[in-house]
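Attaching a single structure in structure tokens format; questions to follow.
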Amino acid sequence: MATGSDAELPVIAVVGPTGSGKSDLGVELALALQGEVINADSMQFYRGMDIGTAKISESERRGVPHHLLDILDVAEEASVSRFQAECRQIIADIHGRGKRAIVVGGSGLYVRAALDVLEFPGTDPALRRRLEKELVAVGLTGMQARLRAVDPVSAGRLGDARRVVRALEVHELTGRPFSSFMPSREYFQPAVQIGLDVPRDVLHQRLATRVHAMVDAGLLDEVRALDARGLRRGKTASRALGYAQFLRVLDGASDVDAAAEETIVATRQFARRQLTWFRADPRINWLPWDDRQLVARAAKLC
């Protein structure tokens, strides 16, 4: 347990794959430690994306304040640099009131942005538009070749067009390779990370059960309502697990059962990527998700 002034209290982060119980543990820790939760799940920023993101309900929050939920419309693009600034301001406010800040989420880069020394280069809309036009002209392979000439590290790591364009934009703006902005494992301020460890077979079954429950709870109707509010225009929200698959149902290109199975497969793949990301961080304290003493053991680390 931390000692000393409020400024020395470590930020608590609850991380792990989707479906591992992070939201529930965040609430339990907040109740045990007089804390407040800060959302670090990029898809839970969006108003109305409730069922498909398993967003914690008001009743499930049990009176614990939750920050950075429902802050964007679905047509808006999420920004990790904006999140970093807002999250750190909220952390300072929570600690300044003598409470504990508990960051909860499985979006790895957002968690790192909250906790680690991490610099974000700016953007230039005109430059971005020019690069996107060049992408259309020369294709992804041509843009990757350009990136390889100035930033081979990023070229070897990035495979999708949006990120390749971003890497080229950063290089033109700053004269530095995009890879030079990658975070080191250095906390911005004291922090404790708690990871929830779920056996793969158990997690796979939990994710399948959860997707079917989302369908029964009205996921298709939620997607239909969000489509009317501009979901397809949202570069971030439209790619969310479940939402992309069920938009195809609205288009007549799929049916509910097929969309559910596609969502289960995509969610399991996403969980695997999350685990790869988080397992690479040796600072995370992993605890069994179903430990009967989970809250007490997690609180002891904080």
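The values are calculated or read from the model by the stated rules, or taken from the named source; none is laboratory data. Keep in mind that what you see is a predicted model, and the values were worked out from it rather than measured. Please note: Cβ atoms are built from the backbone with ideal geometry, for glycine as well, and neighbour counts cover all protein chains shown.
Please name all residue pairs, on different chains or six or more residues apart, with Cβ atoms under 6 Å, provided the first residue is in the stretch 73-92 and is farther than 17 Å from Asp116 by Cβ and the second residue is of a type in the set (A, V, I, L, M).
Val74/Leu226; Val74/Leu231; Val74/Ala237
Hey, could you check the stretch 219-248 for residues that are more than 18 Å from Glu76 (Cβ to Cβ) and touching a residue at least 24 places away in the same chain (Cβ under 8 Å) and say which is surrounded by the fewest Cβ atoms within 10 Å (Cβ to Cβ)?
Here the answer is Arg224.
Among (1) surrounded by fewer than 22 Cβ atoms within 10 Å (Cβ to Cβ); (2) within 18 Å of the chain's Cα centre (by Cα), there is one condition Gly106 misses while meeting the rest; what is its number?
It fails just one condition, (1).
Return the residue satisfying two criteria in turn: it lies in the stretch 168-216 and is under 30 Å from Thr263 (Cα atoms) and β-branched (Val, Ile, Thr), and of such residues it is nearest to the chain's Cα centre (by Cα).
Filtering first and then ranking leaves Ile194.
Then there's this: So which of Val104, Val80, Val111 ends up being out of contact with any strand residue (DSSP E or B) (no Cβ under 8 Å at 6 or more places or on another chain), within 24 Å of Phe188 (Cα to Cα) and β-branched (Val, Ile, Thr)?
Details: Val104 fails: out of contact with any strand residue (DSSP E or B) (no Cβ under 8 Å at 6 or more places or on another chain); Val111 fails: out of contact with any strand residue (DSSP E or B) (no Cβ under 8 Å at 6 or more places or on another chain).
Among Val104, Val80, Val111, only Val80 is out of contact with any strand residue (DSSP E or B) (no Cβ under 8 Å at 6 or more places or on another chain), within 24 Å of Phe188 (Cα to Cα) and β-branched (Val, Ile, Thr).
Look at Val64 and say whether it is in contact with a strand residue (DSSP E or B) (Cβ under 7 Å, 6 or more places away or on another chain) and either among the small types (Gly, Ala, Ser) or touching a residue at least 60 places away in the same chain (Cβ under 8 Å) (or both).
The answer is no for Val64.
Can you tell me which residue in the stretch 163-180 is farthest from Phe120 (Cα to Cα), limited to those that are without any contact (Cβ under 8 Å) to a residue 12 or more places away in the chain and in a helix (DSSP H, G or I)?
Filtering the stretch 163-180 for residues that are without any contact (Cβ under 8 Å) to a residue 12 or more places away in the chain and in a helix (DSSP H, G or I), the one farthest from Phe120 (Cα to Cα) comes out as Arg163.
Listed here are the residues, each with its yes/no results for (1) farther than 19 Å from Ser179 by Cα; (2) of a type in the set (D, E, K, R); (3) outside the structural domain of Phe270 (by TED's automatic domain parsing).
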residue	(1), (2), (3)
Glu77	yes, yes, yes
Gln89	yes, no, yes
Ile94	yes, no, yes
Leu158	no, no, yes
Arg163	no, yes, yes
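List every residue pair whose Cβ atoms sit under 7 Å apart, with the two residues 6 or more apart in sequence or on different chains, where the first one lies in the stretch 188-207 and is under 15 Å from Ala266 (Cα atoms) and the second, anywhere, is hydrophobic (A, V, I, L, M, F, W, C).
Leu203/Ala271; Leu207/Ile264; Leu207/Ala271
Determine which member of the set Thr267, Thr263 is buried (at least 16 other Cβ atoms within 10 Å of the Cβ) and either closer than 30 Å to Leu31 by Cβ or free of Cβ contacts under 8 Å to residues at least 12 places away in the same chain (or both).
On the way: Thr263 fails: either closer than 30 Å to Leu31 by Cβ or free of Cβ contacts under 8 Å to residues at least 12 places away in the same chain (or both).
Exactly one of Thr267, Thr263 is buried (at least 16 other Cβ atoms within 10 Å of the Cβ) and either closer than 30 Å to Leu31 by Cβ or free of Cβ contacts under 8 Å to residues at least 12 places away in the same chain (or both), namely Thr267.
Would you confirm, using the coordinates I've provided, whether Val111 is at pLDDT below 95 and closer than 24 Å to Val192 by Cα?
no
Also: Taking the stretch 200-218 as the search range and keeping residues that are surrounded by 14 or more Cβ atoms within 10 Å (Cβ to Cβ) and of a type in the set (Lys, Arg), which one is nearest to Leu72 (Cα to Cα)?
Step by step, filter the stretch 200-218, then rank; the result is Arg210.
OK, next. Across the stretch 227-243, what is the total count of residues that are more than 17 Å from Ala271 (Cα to Cα), within 20 Å of the chain's Cα centre (by Cα) and among the hydrophobic types (A, V, I, L, M, F, W, C)?
2
At least 1 residues that are within 25 Å of Tyr187 (Cβ to Cβ) and modelled with pLDDT of 95 or more in each: list the helices (runs of 4 or more DSSP H) lying fully within the stretch 217-302 that qualify.
Details: elements: 219-228, 243-250, 256-279, 294-301.
Those helices (runs of 4 or more DSSP H) span 256-279, 294-301.
Quick one: Val104 ticks every box in (1) more than 13 Å from Asn39 (Cα to Cα); (2) touching a residue at least 12 places away in the same chain (Cβ under 8 Å) except a single one, so which number is it?
Failed condition: (1).
Turning to a different aspect of this structure: Criterion first (at pLDDT 95 or above, closer than 16 Å to Phe181 by Cβ and crowded, with 18+ Cβ neighbours inside 10 Å) does Val150 satisfy it? Let's see the steps before the verdict.
Numbers: at pLDDT 95 or above: yes; closer than 16 Å to Phe181 by Cβ: yes; crowded, with 18+ Cβ neighbours inside 10 Å: no.
So Val150 fails the test.
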